[in-house]
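Colleague: One structure, as C-alpha cells, below. Some questions next.
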Amino acid sequence: MKKILTATALAAALITSAQAENIKIGIALGFTGPAESLAPPMASGAELALKEASDSGAFLGGTTITTVRADSTCIDAAAATAAAERLVSSEGVKAIIGGLCSGATTAILQNVAMPKGVLQFSPSATSPALTTIADNGLFFRASPSDARQGAIIAQMLKEKGIKSAALTYTNNDYGKGLADSIKTNVEAMGGKITIYASHEDGKGDYTAEVGALASAGGEILIVAGYLDQGGRGIIRSALDTGAFERFFLPDAMIGESLTAAIGKGLNGSFGVVPGTDSPGAKLYEALTVKAGFKNGPYSPESYDAAALTILAMQAAKSTDSAKVKAKVFEVANAPGEKIFPGQLAKALGILAKGGDIDYVGASAIELIEPGESAGGYREVEVKGGKFNTVGYR
C-alpha cells in the first residue's frame, strides 16, 4: 500500500510540475518607426492567441505562456538585432513573432533566429527576397509575398483604365522589392511607370522628391512607403503643391493614422492590403471586440502566426524549434479538422490525441513553400476621409 501511495504521489507531483511549467514567446514588432501605428493591434492579436492557448490548460500538459514584447523598429537593423538578442539570450523565448517590416525581419532572422536556432514567424514581412533567403527552415510568414501584391496592383490599375503612374518607394528591402514587382507587372500589362524613385523615411520636407515625381507626370502616384513617415510626407507635399490628387496605396500605407492625418485629401485614392471576408475573419473581429482592442491591418495575421507557432509545438510535443519547424505545414494545411479563431483549445486537444487539424484561422491562411501565405487581399477606397472596403481578391 505504501508503494502504491508513493507512486501515486510521484505521479501527482509530475503532473503538477508539468502544469507549473511556463514558456516565453517573444513579440518583436516596430513599436516605433515609420509604421508604428500598425504595431499595437498586431501585438494584441498575437497575445490574444497565446493567451487563449495558455488559458485552455491543454497546451503541452498544462504549460503556460508568457509574452515578452520588444521594439524591432522597422528600418534599423542594429536595433532589430539587439531587440531579438535580448528576447533570446536574456528572456529565453522559445519563438519570435515578428518583425513587422521586412528589413527588421531579415536582420532578426540572419543575426539571431537562424544562428541560435529559434523559430521566427512574421505576420507582415512581405519582401520577395524573404522567399529565397537562407533560413534553415526556421522562418515562416502569415502574409503573402509582394511578388503577388505587385501583380494585383497592376491588375487594379488596368481595370480602372489607368495607363501611366509615377512610383515612389521607401528606400529599404520592403519598398524596393514591392516597387520592382509593381513596375514589372504594370509594364507587362502595357502600362507605363513614368518615374521610379526612392525616398527616405524621417525627413521633414519632401518637396524635392515630389517635384521630380510631378515632372515625370502620370495619372496617379503610387506610394510604396510607410503611413507614419515618408509615405505620409510624400502625399502631404503632393497635395500641398497640387502635384497629384490621387494616390494608389499599397499595404503599408493602409491604416487609420494616415486618414486621420490627411483626411478628405485622400478621397478617391485606393489601395490594397492582405485581408479576407472568410468566416474566420468575422470570428476574429468578434474576439477583438470582446478583448477590448481594435482590429487593424495585419492583426489577423498576427493572431495566426502566434496560433500556428503554438499548434506546431503541440504537434511536436516540444518547444524545441528544431522539432517544431517540421510541424508548421502539418498543422496549417489539410488534411484535418478545420480550426477557426477561438478554437485553439479544441485544436490543442485534437493534436494531443494524435489527430490532424487544418488551421484556417483569422486570415484563411494556406501555407505554400517555403513557408509563406498564399494570401488574399482586401481592396479599399477612401471616401469621406475614411478607408472603405470595396472588395476582395
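The values are calculated or read from the model by the stated rules, or taken from the named source; none is laboratory data. Fair warning: this is a prediction, and the values are worked out from it, not measured in the lab. Positions of Cβ are generated from backbone atoms using ideal geometry, with glycine treated the same way; all protein chains shown enter the neighbour counts.
Colleague: Could you list all residues from region 40-72 that are of a type in the set (A, V, I, L, M) and within 17 Å of residue 84 (Cβ to Cβ)?
Modeller: 42, 43, 46, 68, 70
Colleague: Does residue 201 satisfy the condition of being out of contact with any strand residue (DSSP E or B) (no Cβ under 9 Å at 6 or more places or on another chain) and either charged (D, E, K, R) or in a strand (DSSP E or B) (or both)?
Modeller: no
Colleague: Further question on the same structure: Taking residue 130 as meeting all but one of (1) touching a Pro at 6+ places or on another chain (Cβ under 8 Å); (2) within 18 Å of residue 367 (Cα to Cα), write down the number of the exception.
Modeller: With respect to (1) touching a Pro at 6+ places or on another chain (Cβ under 8 Å); (2) within 18 Å of residue 367 (Cα to Cα), residue 130 is out only on (1).
Colleague: Does residue 85 count as touching a strand residue (DSSP E or B) at 6+ places or on another chain (Cβ under 9 Å), acidic (Asp, Glu) and more than 24 Å from residue 175 (Cα to Cα)?
Modeller: no
Colleague: Further question on the same structure: Would it be correct to say that residue 133 is touching a residue at least 12 places away in the same chain (Cβ under 8 Å) and either surrounded by fewer than 18 Cβ atoms within 10 Å (Cβ to Cβ) or in the same structural domain as residue 369 (by TED's automatic domain parsing) (or both)?
Modeller: yes
Colleague: For region 58-80, enumerate the residues that are free of Cβ contacts under 8 Å to residues at least 40 places away in the same chain and either among the basic types (Lys, Arg) or surrounded by fewer than 18 Cβ atoms within 10 Å (Cβ to Cβ) (or both).
Modeller: Within region 58-80, 78 is the sole residue that qualifies.
Colleague: Which residues, taken from region 209-245, are β-branched (Val, Ile, Thr) and farther than 12 Å from residue 269 by Cβ?
Modeller: Residues satisfying the conditions are 210, 234, 241.
Colleague: Quick test for you: out of 260, 286, pick the one residue that is more than 14 Å from residue 170 (Cα to Cα), among the aliphatic types (A, V, I, L, M), surrounded by fewer than 16 Cβ atoms within 10 Å (Cβ to Cβ) and assigned by TED's automatic domain parsing to the domain that holds residue 341.
Modeller: Answer to the selection: 286.
Colleague: To continue, here is another question. Out of contact with any helix residue (DSSP H, G or I) (no Cβ under 8 Å at 6 or more places or on another chain), touching a residue at least 40 places away in the same chain (Cβ under 8 Å) and more than 19 Å from residue 299 (Cβ to Cβ): does that describe residue 117?
Modeller: No.
Colleague: Given the options 216, 188, 179, 165, name the one that is modelled with pLDDT of 95 or more and out of contact with any helix residue (DSSP H, G or I) (no Cβ under 9 Å at 6 or more places or on another chain).
Modeller: 216
Colleague: While we're looking at this one, here's another question. Which condition number does residue 3 fail, the rest of (1) of a type in the set (D, E, K, R); (2) in a helix (DSSP H, G or I); (3) modelled with pLDDT of 95 or more being met?
Modeller: So residue 3 meets the others, but not (3).
Colleague: One residue is enough: does region 224-246 have a residue meeting the conditions outside the structural domain of residue 38 (by TED's automatic domain parsing), surrounded by fewer than 18 Cβ atoms within 10 Å (Cβ to Cβ), in a helix (DSSP H, G or I) and among the acidic types (Asp, Glu)?
Modeller: Checked against the condition, which is being outside the structural domain of residue 38 (by TED's automatic domain parsing), surrounded by fewer than 18 Cβ atoms within 10 Å (Cβ to Cβ), in a helix (DSSP H, G or I) and among the acidic types (Asp, Glu), region 224-246 yields at least one hit.
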